[in-house]
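The values are calculated or read from the model by the stated rules, or taken from the named source; none is laboratory data. Here the structure is a predicted model, which means the values were calculated and not measured. Using ideal geometry, Cβ is built from the backbone for each residue, glycine included, and neighbour counts are taken over all protein chains shown. Heavy atoms of the whole protein, side chains included, go into the accessibility calculation; ligands, DNA and RNA do not. Shrake-Rupley method; radii C 1.70, N 1.55, O 1.52, S 1.80 Å.
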Amino acid sequence: MNDGTAGLPGGGPAAADDRSVMEAVAARTRALRKERGWSLDALAARAHVSKGMLVALENGRSNPNLATLIRLCDAFAVPLTDLLQQPAAPLLQPSPPEEQPVLWHGPAGGTGTLLTGAAQPVGAELWHWHLAPGEEHRSEAHVAGTVELLHVLRGTLTVTAGGQEAVLPRGHGLRMAGDLPHGYANRTGSPVEYTGVVLVP
């Protein structure tokens, strides 16, 4: 939620630091690249990342930040969930807290956690966000047609997209275009929590 900085869809240092997440990203990136018949150079050009980073990532030696993950997803045209985990067949697939990767860390302690999601053809991601006072998370545009749905659980969230701005108090929801540069900010003195769903076509 869909970032050229070290930071989802980010802003601030972030890392998929769980070893299992790194291994899943490595395996899925290799598989997607080979399915498409792309070389490392071709993927690097499409995703706007370095070939060296891709080599490290595919060998499980890279700790990719959210910006890198989103650029790979955009290059492959898949949702972030598809890159983070192998497809699962069960009708019920629990996602316990210890398996929910924190993919964004704000400078004041904020977090962006991917709770669960579905790979294509559904292409959905469910996120939980916490923004400390003064924190802001900015995201590059996701693939064309991406839609984001937000619900504010605590505090007042300010959302910007395409030059427009909305101020959302607790309990408010929002539907927004995710295929434009956008951002989420806490401009108050109290913490903000919200959930978000990213729908990728």
What number of residues within the stretch 184-201 are within 18 Å of the chain's Cα centre (by Cα) and either surrounded by 19 or more Cβ atoms within 10 Å (Cβ to Cβ) or assigned to a loop (DSSP other than H, G, I, E, B) (or both)? 7
Lone unmet requirement of (1) under 19 Å from R71 (Cα atoms); (2) in contact with a strand residue (DSSP E or B) (Cβ under 7 Å, 6 or more places away or on another chain); (3) of a type outside the set (S, T, N, Q) for D179: (2)
For the stretch 36-49, indicate whether the set of residues that are out of contact with any Asp or Glu (no Cβ under 7 Å at 6 or more places or on another chain), open to solvent by less than 70 Å² (accessible area, probe 1.4 Å) and of a type in the set (S, T, Y) is non-empty. yes
